Amino acid sequence: MDDINYSLYLVTGRDLLPPGKDYFQSLEESLQGGVSVVQIREKKADTAEFLDIARRSKAVCDKYNVPILINDRVDVAIAINARGVHLGQTDMSIATARSLLPEGAIIGVSCNNENHVRAAIQDGVDYVGIGAVWGTQTKQLTSPVIGVRGVGKMLEILDGTEVKAVAIGGIKTTNLLRTLHGCVSTTDHALDGVAVVSDIVASKEPRVVAEKFTKILEAFRAINFGLLVAPRSVPSKDQILASVNDLINTVRKTGPLVHQITNTVVATQSANITLALGASPIMATEPQEMGDLSRICGALLVNIGTMRSDGKESMTLAGYHANMNKKPVVFDPVGVGASAFRKETVKDLLNTWQASVIKGNAGELASIAGSTEVASKGVDSVGSGFSDPSSFVRALAKKERCVVVLTGPVDYISDGVWVAALRNGHEILRKFTGSGCIVGSSIATYCAAAVAVGRDTENTDGRLVYGDMFIGAIAGVLVLTVAAEIAAKREDVKGPGTFLPALIDELWVLTPSDVLSMARIDIC
Ligand SMILES: Cc1ncc(COP(=O)(O)OP(=O)(O)O)c(N)n1
Ligand SMILES: Cc1ncsc1CCOP(=O)(O)O
């Protein structure tokens, strides 16, 4: 028997059909749009009705050579000669179902946690349905939403097995790319497909919706499930500096608009720093305008430094729209370790949207990684940092599937493969508030430039963002730290109060050749 293609897995839901839409017509249109496997899910039908629907659905699917699975009911699957069944955690045991079904029948099981996945492997299932990955109106959930960041760990358990995996719950064309990018393990184990009910079934045009799903799934596969940055061979220092040079010139030439949702302590200085770099800041926080701004901005910065619960909506929406519009999201989880509120907020935000760059000090990044190696005190990191910062940033970048910037006396930047250690800067940067926050603004500015450069050169349909965020992050840190070195040496700089305006001035006049000649960068 042919292997099942789990890519676009339709789970039926007759009560969600739009008024006047015939169920069989809708099913046929969704098959024409690229649905690759169908599960008949009938929660209200009696046995006779279930059998009738399943039999007639199978006749439609047979025309397209698409296999059919039956939700919950092994008897119905046997009666209509379906390819198999999908069982929940409280349905018939896998062993019993296996003993009743013909040899070679497919059995899938729902999994909400890692133990379910381990048990499913032991039980010899063919695939797992992992969910709910997002919130859903289609089913009353009995266990918490997993979130995309939880799926990776479940997929890793499947490494080395033949068991396939689909995600289910709230998956729509609008969040599909983010779902696919987020649901990958640190061992690069990706989903075999996505299971969808309402986005296809409730549509008046299921073929069009299924086609959109198919196109995104294919585009994601075409980039080989990669990180947010394209794989590269070891980048030389000269190559990196040449790209940084391009980004500095691009910012000056194009003046990208950089949307910043930042804290009230640093908003003015962050806006001034952005202007000095040659970009345009917009410090907007109203939820209603997040969609409009995302379309016109080059990049988004989200900084939670003085975050309140009423600010979460705009941060959530801004990142969501940025992902939709393929704009970089630079995330600065200021003081994330300081309170349960911050931790919970960061978890929710990172589960909703994919950051392109996460920037933090050792304490903040330790908190995100769940590491106890470095503690924080409020917004500051305590102690001497990580024993092996390079390995730490590389691992976190791989886990969060984005570029990670660890700030400190040496700044470490990783795309999950390579690590750049930058040794520029001056200790006076630590003597005024918000020096880390302005690094976020600078990174966002150069990531916006990286988009402008990358757009021309990359086939990026399957990516969440255009351009090279690793170089964007390196440029952001280098420009600021080199300008800081120059400013700190000025005779008129007597301390932090005179340093900040001097830094703004030096950024304003900084040339790419200053940066290139002063950069102290190692790649490992
Ligand atoms: C592919 C897929 N995954 C999960 C489910 C949910 O199944 P279950 O937990 O049995 O809940 P019901 O669907 O029976 O309400 C599924 N159906 N398909
Ligand atoms: C059956 C099921 N199991 C977990 S979530 C879910 C419903 C998914 O439906 P939708 O795709 O409409 O969110």
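Just so it is clear, none of the values below were taken in a lab; they were calculated from the coordinates. All values derive from a computational prediction rather than experimental measurement. Heads up, the Cβs are rebuilt from the backbone with ideal geometry, glycines too, and the neighbour counts pull from every protein chain shown.
Tabulated results
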quantity	calculated
FRET efficiency, 1/(1 + (r/R0)^6) with R0 30 Å, evaluated for Val382 and Thr268 via beta carbons	0.60
Proximal aspartates and glutamates relative to Lys44, as straight alpha-carbon distance under 13 Å, when same-chain residues fewer than 8 apart are discounted	Asp15, Asp72
Candidate lysines for bridging to Lys237, where Cα separation is under 29 Å - those fewer than 8 sequence places away on the same chain excluded	Lys253, Lys326, Lys327, Lys359, Lys398, Lys399, Lys489
Degrees separating the helix 237-254 axis from the principal Cα axis of the chain, which is the longest one	90 degrees
For peptides 52-58, 516-522, sequence by mean Cβ density within 10 Å, most packed first	52-58, 516-522
Cα gyration tensor category, rounded, prolate or oblate, for the range 237-523 with a/c compared to 1.5	rounded
Antiparallel DSSP beta bridges within the chain, percent to nearest 5	25 percent
Percent antiparallel among DSSP beta bridges (both partners in the range 8-223, rounded to 5)	5 percent
Gained length - Asp505 relative to Arg490, 0.36 nm times residue gap less alpha-carbon distance	4.3 nm
Chain lengthening between Asn81 and Arg252 when straightened (0.36 nm per residue, less Cα-Cα)	55.0 nm
Radius 15 Å from Cβ of Val382, net charge of other residues (Lys, Arg +1; Asp, Glu -1)	-1
Simple label model, 7 Å out from Cα along Cβ direction - Thr174 to Thr306, nm	3.2 nm
Shape parameters for the chain, alpha-carbon atoms, Rg then Dmax in Å	25.4, 89
Estimated inter-spin distance, Glu373 and Ser339, nm [label 7 Å along Cα→Cβ]	2.9 nm
Relative contact order (%) - the chain, alpha-carbon pairs under 8 angstrom, separation at least six	13 percent
Under 18 Å from Lys164, Cα to Cα: aspartates and glutamates that are on another chain or at least 8 residues apart	Asp2, Asp3, Glu114, Asp123, Asp126, Glu156, Asp188, Asp192, Glu218
Label-point gap, in nm, between Lys347 and Ser513 - each point 7 angstrom along Cα→Cβ	5.3 nm
Packing-based order for 403-412, 324-333, 248-257, using average beta carbon neighbours within 10 Å, highest first	324-333, 403-412, 248-257
Contour minus Cα-Cα distance for Ile121 and Glu286 (0.36 nm per residue)	54.7 nm
